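See below for the structure under consideration.
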């Protein structure tokens, strides 16, 4: 159970999307020490979201990509990625998102992922999941030569993938999870951080899509509180396809 107001969360996500779009097409990215990209949009959007979260829910903890947050201790933890897909954002490509997820006692409970350049918002209040005004139902994609398996930049460097359908790299881990939720893709392979995963995991949880590592272990989100980087690639897909897709994933390191 939680007391998070999903309408409030959708409203601040809309405001954050406006900030991001004001920067879109006019940014100059810089490399951080870990060789990931950051733009002024990342900084401005995260600052805005932190202010709104602190005002409304001062007792909750926050883990943000652009922050230096200590391991959380509260029962409600927000994991936020102000611009998921900064590289494609910086190059003017449209598949990037704002990801805001709340974990309650370590369980992804509420999540919103906005894809502002595409005009889409995916969200879950913990009971139902939606894409814009359409309620989502558990996805039932089929695996064939035309099926799409979405693979993130991080997963490309840590795993070899063999799949009978088409492998596609969109540039945003959060967007990948949205398309699994919608049933557009049969699955997604990523190697990312808690703020990339939390919102999508909340959406997928109510759609009965398990959140697992490629090894088959369930993702323990509390283990990512201190070190936000996933220890191995994740393989997110409907349960009936997990074993089939898992056979095509060879983790390199």
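Tabulated results
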{"item": "Any helices (runs of 4 or more DSSP H) falling wholly within segment 152-253 and containing at least 2 residues that are within 15 Å of the chain's Cα centre (by Cα)", "result": "153-156, 173-182, 194-205"}
{"item": "Segment 25-40 - residue that is assigned to a loop (DSSP other than H, G, I, E, B) and farther than 18 Å from residue 193 by Cα and, of those, nearest to the chain's Cα centre (by Cα)", "result": "39"}
{"item": "Members of segment 127-146 that are without any contact (Cβ under 8 Å) to a residue 40 or more places away in the chain and surrounded by 17 or more Cβ atoms within 10 Å (Cβ to Cβ)", "result": "130"}
{"item": "Filtered residues of segment 44-63 (kept if in a helix (DSSP H, G or I) and either under 18 Å from residue 198 (Cα atoms) or modelled with pLDDT under 95 (or both))", "result": "45, 46, 49, 50, 53"}
{"item": "Members of segment 34-90 that are closer than 20 Å to residue 178 by Cβ and surrounded by fewer than 21 Cβ atoms within 10 Å (Cβ to Cβ)", "result": "87"}
{"item": "Among the residues listed as 22, 14, the single one being in contact with a strand residue (DSSP E or B) (Cβ under 8 Å, 6 or more places away or on another chain), assigned by TED's automatic domain parsing to the domain that holds residue 81 and part of a helix (DSSP H, G or I)", "result": "14"}
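For every residue, the table says whether it meets (1) touching a helix residue (DSSP H, G or I) at 6+ places or on another chain (Cβ under 7 Å); (2) without any contact (Cβ under 8 Å) to a residue 60 or more places away in the chain; (3) under 24 Å from residue 114 (Cβ atoms); (4) assigned by TED's automatic domain parsing to the domain that holds residue 112.
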residue	(1), (2), (3), (4)
185	yes, yes, yes, no
192	yes, yes, yes, no
218	no, yes, no, no
235	yes, yes, no, no
243	no, yes, no, no
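The values are calculated or read from the model by the stated rules, or taken from the named source; none is laboratory data. Bear in mind the structure is a predicted one, so any value in this text is a computation, not a measurement. Please note: Cβ atoms are built from the backbone with ideal geometry, for glycine as well, and neighbour counts cover all protein chains shown.
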